[in-house]
1. I want the antiparallel fraction of DSSP beta bridges within the chain, as a percent rounded to 5.
2. How would you classify the stretch 81-121 from its alpha-carbon gyration tensor, with a ≥ b ≥ c the square roots of the eigenvalues: rounded for a/c under 1.5, else prolate if a/b is greater than b/c, otherwise oblate?
3. Want the number for Ser27 to Glu88: 0.36 nm per residue separation, take away the alpha-carbon distance, what's left?
4. Starting from the Cα-Cα distance between Gln39 and Thr104, subtract it from 0.36 nm times their residue separation and give me the gain in nm to one decimal.
5. Compute, for the chain, the length of the dipole vector about the Cα centre, with Cβ point charges of +1 (Lys, Arg) and -1 (Asp, Glu) only. Units Debye, rounded to 20.
6. Could you tell me the calculated FRET efficiency between Ser7 and Glu46, based on Cβ-Cβ distance and R0 = 30 angstrom, to the nearest 0.05?
7. Between Ser53 and Ser17, how high is the FRET efficiency from 1/(1 + (r/R0)^6) when r is the Cβ-Cβ distance and R₀ = 25 Å? Nearest 0.05.
8. Give the cross-link partners of Lys43 among the aspartates and glutamates, using a straight C-alpha distance below 16 Å as the criterion and excluding same-chain residues fewer than 8 apart.
Amino acid sequence: QVQLVESGGGLVQAGGSLRLSCAASGSIFRINAMGWYRQAPGKQRELVAAITSGDSTNYANSVKGRFTISRDNAKNTVFLQMNSLKPEDTAVYYCYADTIVSVTLLSRTFWGQGTQITVSS
């Protein structure tokens, strides 16, 4: 129905920057909130940042001031600019989209496949 494709992950040294992108496609009537979660080995998945269709944002305390979330509604794409990266940011990052699906007009959350971010010290 709806596919989310992530890009931009990789290996970076502490203090460096990366930019993640996540593009949604398929049977989309409207996307409400979009955002990013992450999961480190042995830890629970946690919300990193979220953005509404009206561009209101929410960040985890651990990334405030370092990460910036944005979106391009025309392209159904969400971005995560990550600056001043720390080793503790190492995790698999997953994007999500709270979507109203075409035809059915049912609400459902779709997820990306995940992208690995590794920050070396």
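1. Values: 43 of 47 bridges.
Rounded to the nearest five, the antiparallel share is 90 percent.
2. Prolate.
3. 18.3 nm
4. Computed gain between Gln39 and Thr104 is 20.2 nm.
5. In debye, rounded to 20, the chain gives about 60.
6. Values: r = 21 Å, r/R0 = 0.72.
It comes out at approximately 0.90.
7. For Ser53 and Ser17, the calculated efficiency is 0.40.
8. Counting by Cα, and skipping residues close in sequence, Lys43 has these aspartates and glutamates nearby: Glu88, Asp89.
Coordinate-derived values only; no laboratory data. In this text, all values refer to a predicted model and were calculated from it rather than measured experimentally. Methodologically, a virtual Cβ is constructed for each residue, glycine included, from the backbone with ideal geometry; neighbour enumeration extends over all protein chains shown.
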